[in-house]
Amino acid sequence: MKDKSRIFLNSIIVFTSTIIENIIFFVINIIIARYLSIEHFGEYSTALGYATFFLTLSNIGINQTLVRLINLYPDKKNENFSTAFILRCIVGTFIYAIMAVSLFLTNYSYELVILTLIMGVFRMGSEFLLSFYYSFDAEEKFILSSIFRITFSIAFLILTICVVLFHGSLFHFAYVRLWLVIVFFIILIATYGRFISFRMSYKTLYSFFIESIPFGISTILFNIYQRINIIILSLIHGSIYSGVFSNGFVFFTTLFLIPWNITRVLIPYLYKVSHKDNPAKFQFAFDIYNKFLAIISFYFMTGALLYGKEVIYLIFGSKYHDSIIILQIVSIGIPFIFTIAPAIITSLDKQPMLTKIYIVGFLISIISNISLIYFYKSEGAAASAVITYGYIFIATNYYLSTNKFVNVYGIIKIYCWQLIILFLCYCIKTFIIPEMFWIASLAIISIAFIILNLIFVINKDDVRIVREILNIDKFPVKIYKK
């Protein structure tokens, strides 16, 4: 199979499995939210958010470094995997200990502390599972890792339904996931042990750790952006607000999979291209990907703004009425995460600059979260997320533009058209079909959104480019003519 065909096929496998996995976990979240009371779901969300925040920090770029080293030095696969495993044990135990100690500095109840400690164990186990999955991906065994991921999510869904049928408590949701992680860890040890033998040296451990630092900084900051708001919210105002915030914010975090999967495919390709020799390829990637991401993101934002109440009531029930405004606020930030500007910077080997942008974003996130949450509670946490990702969006695109890596004026035009189309859809919903049943109304708005984009945004070159990409004949750059 040709390289491009193989990459395209692997991308389809990864994208499909990721969608299935995220849909299943989204359904699980819905089941738990509807089953538990607002107070208990708030405790569940707080404990899971707190444990996830700390234990994802244990991935100090270990998985990304493992993938890189397995591909660069295939003859040292055993040694590098063993090193990653040992390093995760050391770092994971250290981070878990810090989390456990920090819990006693919070105002959490005794039950909430115990629940967080339990969730911390299975979150640490989940990070171990990810190391196995990444090692499979490094050897292009995407089907194997996808099977494990989907099987795990399906098993967790079945166990969650069982907890509901047998009238379990919020602790039972944590226990079933803990035992499920243990079972999968044993299976993966048995499966992967057939392909490698464990061995390690202190020299390899040190070099692996040093190589993981650049990846680790970006990974840690990314995890902080996604989860620090729920922790600050629970510490200032209690766990009830965490559940309300979580049900609105979950839509925002779930949509990350779309740009994330695109960059997973795009970065390896652009790494092999010289910007000095082929600037048109970077400009093409920037224009075509951002154009379609802008259209998709504004469609989601339009739906959330106009039908946030109906979506929350349908999925989580009327008891989470306060989550409506959270969904509508964070929807404003959807276009900010649907961008490939950070991926372009990475592919240009300008990771230090991207790290600086992320560090400033971290400071903005902390300051805005504390100040806005104090005064506006859950709404403040949602607004802080929009501000943080808005800064990253502006800073990354500004850096690319001012350094003349790409021309951003074409994309600015696309965003202006999207704002106009959003306004027109709002007018249709408000003045023409205000009393229509919401599903029929959403269908009409969707059709109007598509037609307006076909008229004012999509052109013949876009259609031709999509056809060429799907045929995978060559990387199209013919549209750029002086």
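Which residue pairs have Cβ atoms under 8 Å apart, sit 6 or more places apart or on different chains, and have a first residue in segment 324-343 that is in the same structural domain as G390 (by TED's automatic domain parsing) and a second that is basic (K, R) and surrounded by fewer than 22 Cβ atoms within 10 Å (Cβ to Cβ)?
Cβ pairs passing all conditions: I324/K309.
For L165, are the conditions met, namely being without any contact (Cβ under 8 Å) to a residue 60 or more places away in the chain and buried (at least 17 other Cβ atoms within 10 Å of the Cβ)? Steps first, answer last, please.
Details: without any contact (Cβ under 8 Å) to a residue 60 or more places away in the chain: yes; buried (at least 17 other Cβ atoms within 10 Å of the Cβ): no.
In short, no.
Are there any helices (runs of 4 or more DSSP H) wholly within segment 9-116 with 2 or more residues that are surrounded by fewer than 17 Cβ atoms within 10 Å (Cβ to Cβ) and modelled with pLDDT under 80, and if so which? Full working, then the answer.
On the way: elements: 38-55, 62-72, 77-103.
In segment 9-116, 62-72, 77-103 are the helices (runs of 4 or more DSSP H) which contain 2 or more residues that are surrounded by fewer than 17 Cβ atoms within 10 Å (Cβ to Cβ) and modelled with pLDDT under 80.
Say whether the condition of being at pLDDT below 90 and either part of a helix (DSSP H, G or I) or in the same structural domain as V311 (by TED's automatic domain parsing) (or both) is met by at least one residue in segment 450-459.
Here is the first cut: in segment 450-459, the ones at pLDDT below 90 are 458-459.
The next check asks that each one be either part of a helix (DSSP H, G or I) or in the same structural domain as V311 (by TED's automatic domain parsing) (or both); those that pass are 458-459.
Within segment 450-459, one or more residues are at pLDDT below 90 and either part of a helix (DSSP H, G or I) or in the same structural domain as V311 (by TED's automatic domain parsing) (or both).
Condition first: at pLDDT 90 or above and small (G, A, S). Now tell me which residues in segment 264-303 satisfy that.
A294, S297, G303
Restrict the check to segment 287-303 and report whether at least one residue is assigned by TED's automatic domain parsing to the domain that holds N453, part of a helix (DSSP H, G or I) and more than 30 Å from V406 (Cα to Cα). Even if it seems obvious, please write down each step before you answer.
So the first thing to find is which residues in segment 287-303 are assigned by TED's automatic domain parsing to the domain that holds N453, and the list is 287-303.
Now drop any that are not part of a helix (DSSP H, G or I), which leaves 287-303.
Right, trim to more than 30 Å from V406 (Cα to Cα) and you get 303.
Checking segment 287-303: at least one residue is assigned by TED's automatic domain parsing to the domain that holds N453, part of a helix (DSSP H, G or I) and more than 30 Å from V406 (Cα to Cα).
Quick check: anything in segment 385-403 outside any helix (DSSP H, G or I) and free of Cβ contacts under 8 Å to residues at least 40 places away in the same chain?
The initial filter retains those residues of segment 385-403 that are outside any helix (DSSP H, G or I), namely 403.
From the residues that got through so far, the ones that are free of Cβ contacts under 8 Å to residues at least 40 places away in the same chain too are 403.
Yes, segment 385-403 has at least one match.
The values are calculated or read from the model by the stated rules, or taken from the named source; none is laboratory data. Because the structure is predicted, anything quoted here is derived from the model rather than measured. When we count neighbours, we look across all protein chains shown, and the Cβ atoms used for this are built from the backbone with ideal geometry, even at glycine.
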